1. Calculate how many DSSP beta bridges within the protein assembly as shown are antiparallel, expressed in % of all such bridges and rounded to the nearest 5.
2. Quick one: which residues, 5+ away or cross-chain, put their amide H under 5 Å from the amide H of B:Cys78? H built at 1.01 Å from N.
3. Counting only heavy atoms of the protein chains, get the accessible area per residue of the protein assembly as shown (1.4 Å probe) and round it to a whole Å² value.
4. Run the simple label-point estimate for A:Trp341 and A:Ile119 please: 7 Å along Cα→C-beta, distance reported in nm.
5. All other residues with a Cβ under 15 Å from the Cβ of A:Asp86 taken together, and with Lys, Arg as +1 and Asp, Glu as -1, what is their net charge?
6. Could you list which residues have their amide H under 5 Å from that of A:Thr317, counting only those 5 or more apart in sequence or on another chain, with H placed in the peptide plane?
7. Output wanted: per-residue J couplings in Hz (rounded whole) for segment A:128-137, from phi through Karplus 6.51 cos²θ - 1.76 cosθ + 1.60, θ = phi - 60°, x for Gly and Pro.
8. Quick one: Karplus J couplings for segment A:111-125, per residue in order, coefficients 6.51, -1.76, 1.60, θ = phi - 60°, nearest Hz, x for Gly and Pro?
Amino acid sequence: MPDGEIISDLFYRIKELYEEEGGPLKEAVTEMTWDYGPKDVDGKVRHLDAHYIAREINGYFLEDKEIKGKLYKKGTLVPSFAYLQDDGSTSSGNWLYCNSYTEKGNMAARRGGKDSSGIGLYSEWAWCWPVNRRIIYNGASVDPETGRPWDEKHPVIFWNGSKWVGDVPDGVAAPGSGRPPFIMKSHGVGSIFGPGLADGPFSEHYEPLECPVEKNIMSPQLVNPTIKRWDKEGTGTSVDARATCDPRFPIICSTYRVSEHWQTGLMTRWCPWLAEMQPSMFVEIGVELAKNKGIKNGEIVIVKSVRGQVDAVAIVTNRWKPFNINGNTVHEVGIPWHYGWVTTKMREYVHGDKKPEVFTFGDSANIVTPFIGDPNTMIPESKAFMVNVERREV
Amino acid sequence: MSEKIKLCDLSKCTGCRGCQLACKQWNQLPAKQTVNTGTYQNPPDLQPNTWNIIRFQEISDGNGGVDWLFRHDACMHCTDAACVKVCPSGALHYTKYGTVALDSGKCIGCKECVFACPFEVPKYDPETDKILKCDMCYSRIDNDMEPACVKACPTGALMFGDKTEILKVAYERARELGGDASVYGDKFVDGTHMVYVLPEKAGIYDKLPEKPRVPLSVIAWKDWLKPLSLLAAGGVIAGSFLHYITHGPKDTSGDGDQVSKEGGE
Ligand code: SF4
Ligand code: SF4
Ligand code: SF4
């Protein structure tokens, strides 16, 4: 069943539950418009039609409306986002997509092969947001005073004396009018640092939130004061715990990918050829650390942080070397983060469950990684945290 | 028809294994259950369902320096191929490109080639009672396409083309790399149709013999005794064995060829 049909089915069932049992603000569900396709006699959508959804995302006029001297009839599609109104007379699922499905049809289905731009924009092939502008901030490609392209041989847009020619112009009124090209940035200019960014502009060394040292030997500030964290007093759960300079977790751990799997591996682990090449969670351990711990290459060990633990096959390697940090030897290990229970052999498969052709071994690295957000991007700090590695008692 | 060869420049290989997967995809070879045994290398060896693998190998220089070697391992497509020599059914045969292809229908599962190949390439599949190995993507090269592994290689480590041209590239590259770098494959069994540029000393790569040896039995039976049995000239046989005793087994690194030629006369 396609995802859309599942959602539609879910909607009707949830709606029924609300109608039977009630609940706070039940009208948000019971009165919801749901007309994404031709309906049966019982009023339910028989088959979900993606075009109905695409049109709703573009947006309709909800009543007759005159804009710039032109009358738009109730029920017609809004031609582009400049026509969206703040008085309830228009709808749109996402303003960026307004113009993607108009009275002219589904713009994304266009297959025009002409390239009048000469630089490969192919503006009549499919559609792109916003308003089919192929290169955003293209105003930056011209001299703001004269409208002449910086690269005259490959103009994205240019001013022909009375109007802009080329791509759909962005951020430029007539040349010389002073409007900056980066219209979505508060200062109108491109920047590596500015409003909206919590951290920067210069790089600085901070220790990770979980680290093996009590002092930042580069500066008095140990960890980045602007990081996003959830481990404040009285908040968070056990997965938000952290253990810095904690003798129980003396080893640095980093996570990374292998070329055979993508992200959490949820898609690639099902591909037998890929699972065959990288079938298992592993931990790469330097020769010296493995010797200290009595760990042999190929045996299953436990990688443990204050938040949880995972089993992994030990790859004992000369490629991992201990650090010398301010005179102390600190070891580091590394784990990939592509694994998870859903493709393992141990999992309980009930009737009808798809089984992978090649099983994988091991759990998600997210069980041990910390939840700390980079101040600008919210990327979690899963590249550096503290663990211990132990032999499995047999 | 000009001879074609595959060049494998190990100095450019990143170990991505695009080649290993592309081979399985083009040839529709199934995956089998594997386990991690403490290495990235998987499956652990060539198999009936795995015709090329990347071998992962770490070498240390003794001073803390470490190198991670990746070697694309597949059939070498020998010119004087031991497998073809011993194959009694004609399943293994030379193609017009000089490569060694396999006609599975003819294979009788005798495993002669498994023991004869100096690179341990042909693998026996008990399920079908046949051997399987890389055929240099005959279905592709005969349609003007490069082998699937070469097509997939994102770094240019694998190249395919006319023998003379590709060998030129190989020698030039080895020269450019300098040090211990060398070209491997051109100097024995009358030259192979997979040729390596080895950035490290030839002897250190796992499962890549510095001087590949074809088992004596192969040479004895196919090059000496078979032709001689036709001649039935006892004196010559004795002479040949004397030659063996004085020269030792076939040495494929150069003058070995002469041994077999002399023996066959
Ligand atoms: S490498 Fe082995 S299988 Fe390949 S052609 Fe040479 S002898 Fe035959
Ligand atoms: S040449 Fe073809 S059959 Fe041989 S290893 Fe490459 S992809 Fe596989
Ligand atoms: S595809 Fe190329 S780079 Fe990747 S492993 Fe194979 S030979 Fe090396």
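1. 75 percent
2. The list, which skips near neighbours in sequence, is B:His193.
3. 53 Å²
4. Between A:Trp341 and A:Ile119, the simple spin-label model gives 5.3 nm.
5. -1
6. Amide H to amide H, under 5 Å and 5 or more residues apart or across chains, A:Thr317 pairs with A:Ile285, A:Gly286, A:Val287.
7. With coefficients 6.51, -1.76 and 1.60, one gets 9, 8, x, 6, 6, 6, 7, 10, 6, 6 Hz.
8. 10, x, x, 7, 10, 5, 5, x, 10, x, 7, 6, 5, 9, 9
The values are calculated or read from the model by the stated rules, or taken from the named source; none is laboratory data. Everything quoted here is computed from the prediction, not taken from an experiment. All Cβ positions, even for glycine, are placed from backbone atoms using ideal geometry, and neighbour counts span all protein chains on display. We work out accessible area using only protein heavy atoms, side chains counted, and drop any ligands, DNA or RNA first. Shrake-Rupley method; radii C 1.70, N 1.55, O 1.52, S 1.80 Å.
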